[in-house]
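This report refers to the structure that appears directly beneath it.
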Amino acid sequence: MMRQESIWKSEDNDFEACIRKDVLELTRKGVFDGKKIALIGSWINQEKIQTVLGESGLTVSYIADNNPEKQGVEKLGITTQSVESLPHDSEVIILVSGFYSNEISEQLEKLGYKEKNDYLILASGLLRRKIRGHVVKEETWLEYKERAIHGFESYCHINEKYDGIPMWLMHQPSLGDLYIFSLFLPYVYGKKSVHECDCVLVVARNSTRKLAEILGYKYIEQIHLEEASNDWLLMMRLMGDEINVKNAVFHGLGRNNSFLNMAASGSLTFRDSFVRYVLGLEGNPEPIYPQFDNRGEYVKKQFDELGLNPGKTVVLSPYAGHFTPSISEEHWKILVDGLREKGYTLCTNCGSPDEKPLDGTVAAFVDLKDCVEFVERAGAFIGVRSGLCDLICMTDCKKTVIYEKGATNNSITFFGFTNMGLGKNITEFDNDRINTYSIMTDILNMY
Amino acid sequence: MIDCISDFENALEQADKGRTLVESLNEERGVLVLCPDDDIICFEAVKSHIDELVGQFGRVVVIIPEAINNRFTLRDDVRTVPVHKKEMDCILRYASLAEDIDTSIKIVSFDKEISGRAFRLIDCCGFDKEQVIRKGLLGIMC
């Protein structure tokens, strides 16, 4: 239904690219010849590592972890074990990766393993770069200045066009950010709806522009995503509060993100990021929920065409734009089979042809403006946490939202509706990525 | 409010000068901490976290305004560089622009014009300055 390319995935891509580079190099050197491979660390990214290894014809034989909860469970078709219980012989090569690589390396050395002979640290270059940072080269600096100049020229053009009306830059292309931002924006201007706010919303994607129109923004300007996330943000960082545009989300103004650092150690939520930080509102203002247009006949027709039963349909939403969920097709199959047995018709929320419908369901490509009505007509929604969940949070139907522990940008503490005090009729599950099958069974039992 | 290209170009020139000043310290630093305000709390907070900074980032160089140079001292292995306000403005312009590619620079400031982000954390989120400096600005997580 609603998928956007996401800048959030860039770190994942960095990691995968780094792993691929290392694996290709090690394969070329023959390091894996005649060896069984064991993985330690990067629990979240082990599927990616397996995929990369597979590209070189390699397979994983062992997975070990120091967390007792992650020992003795199925992962990639392998029963996981403790680090200490790994076979210590010349036929096994251990691949270490992830945030705790240094600690794991120390542990392995104490257990008698030797780096390069017995174990290797993957993507270590990425780790070093993140920890140490680096000094700016001349060509990079020139490029930065050029980009800031482009950003300023583009900003001046829009600022003149609207004669200095305050601007908000929504550079984040996800719908959820714009939706939550808009729930509270009217308070900044002492108004009761987004439509009454005298401000210009600068967006960076067609999808966010479309949502902005649905939400009632009077003045909307669209710039390219790269222009927003590169040029404008650099210009804003250089100029601070000296210009007439503000950042509509809490991130983007540098990696040393003070809000995120604080959120990681406290009880701040996604809602707080807008209410308290971006908009600077005091107290605890009530959200001003928007009304979506009613296109009942259109949605009814869509239901008929898809063969879905009103009130007895579950919309399954396995995809998210801002992270790659670990819930596999096999996990979803538990729900699909079980719900069909219980007499539900099922559709998969698909935002693009790349997003395939789950087996046993039909693909639903639903227009943004119909998402609320579509889900209400269905009667039930089960999905991973995505921006769509924000848009439908107030619908009159049964909703189940699944978060993933440890996944970037999918924390139930930060994004959870209960914690945020938003939405209604929402049941939330926090998938620890270990007991996913039992979570799916628990969800099924609710229907 | 800046609204003409010449003002913006001036800001870029300032950033250039700031970069030159920062570059001159590259050889001797692991992390560069900017304490641009006449705010003793900032300086004291940095002082109390020197061990963690050294542990995480290597040698610490702290840039402070000349005005408070004689009021505080840091330990011997930390270099303090007092600068004039104009130089500090230039360094801040550079640091703000280059923050994500030179992550070894930490700005410890509550001046709204410079770092509204930190300002809002105190104003609206109920944290105290010390918490914001430690976790938010210096990124010390342990």
Please state which of the following conditions A:Ser326 fails to meet, knowing it meets all the rest: (1) at pLDDT 95 or above; (2) more than 19 Å from A:Ser174 (Cα to Cα). (1)
When only residues in the stretch A:1-30 that are of a type in the set (S, T, N, Q), part of a helix (DSSP H, G or I) and within 30 Å of A:Gly383 (Cβ to Cβ) count, which is modelled with the lowest pLDDT? A:Ser10
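State all residues of the stretch A:360-375 that are among the β-branched types (Val, Ile, Thr), under 11 Å from A:Val299 (Cβ atoms) and in a loop (DSSP other than H, G, I, E, B); if no residue qualifies, say none.
Residue satisfying the conditions is A:Val366 alone.
Results for (1) assigned to a loop (DSSP other than H, G, I, E, B); (2) buried (at least 18 other Cβ atoms within 10 Å of the Cβ), shown as yes or no for each residue.
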| position | (1), (2) |
| --- | --- |
| A:Leu388 | no, yes |
| A:Cys393 | yes, yes |
| A:Asp396 | yes, no |
| A:Thr400 | no, yes |
| A:Phe414 | no, yes |
| A:Leu422 | yes, yes |
| A:Tyr437 | no, no |
| A:Ile443 | no, yes |
Look at the stretch B:87-114 and say how many of its residues are over 13 Å from B:Leu34 (Cβ atoms), at pLDDT below 80 and surrounded by 20 or more Cβ atoms within 10 Å (Cβ to Cβ). 1
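Just checking, which of B:Val54, B:Val60, B:Val108 is touching a helix residue (DSSP H, G or I) at 6+ places or on another chain (Cβ under 6 Å), of a type outside the set (Ser, Thr, Tyr), within 14 Å of another protein chain (Cβ to nearest Cβ) and over 30 Å from A:Glu282 (Cα atoms)?
B:Val60
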Of all helices (runs of 4 or more DSSP H) completely enclosed by the stretch A:191-287, which ones contain at least 1 residues that are of a type in the set (Lys, Arg) and within 8 Å of chain B (Cβ to nearest Cβ)? A:233-239
If we keep just the residues of the stretch B:115-142 that are closer than 16 Å to B:Gln56 by Cα, in a helix (DSSP H, G or I) and over 12 Å from the mean Cα position of the chain (by Cα), which is modelled with the highest pLDDT? B:Arg134
Looking at B:Arg117, is it in contact with a Phe, Trp or Tyr (Cβ under 9 Å, 6 or more places away or on another chain) and either within 12 Å of chain A (Cβ to nearest Cβ) or crowded, with 17+ Cβ neighbours inside 10 Å (or both)? yes
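Within the stretch A:290-310, can one find any residue that is outside any helix (DSSP H, G or I) and hydroxyl-bearing (Ser, Thr, Tyr)? Reasoning before the result, please.
Of the residues in the stretch A:290-310, the ones outside any helix (DSSP H, G or I) are A:290-295, A:307-310.
Add one more test, that the residue is hydroxyl-bearing (Ser, Thr, Tyr), and what stays is none.
Looking for residues that are outside any helix (DSSP H, G or I) and hydroxyl-bearing (Ser, Thr, Tyr), one finds none in the stretch A:290-310, hence no.
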Residues satisfying the stated conditions in the stretch A:144-158, i.e. more than 12 Å from B:Ile5 (Cβ to Cβ) and either without any contact (Cβ under 8 Å) to a residue 12 or more places away in the chain or within 9 Å of chain B (Cβ to nearest Cβ) (or both): A:Tyr144, A:Lys145, A:Glu146
Restricting attention to the stretch B:69-89, report how many residues are part of a helix (DSSP H, G or I) and either within 12 Å of chain A (Cβ to nearest Cβ) or touching a Pro at 6+ places or on another chain (Cβ under 8 Å) (or both). 3
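The values are calculated or read from the model by the stated rules, or taken from the named source; none is laboratory data. As the structure is a computational prediction, the values presented were derived from the model and not from experiment. Don't worry about glycine lacking a Cβ; one is built from the backbone with ideal geometry, like all the others, and counts go over all protein chains shown.
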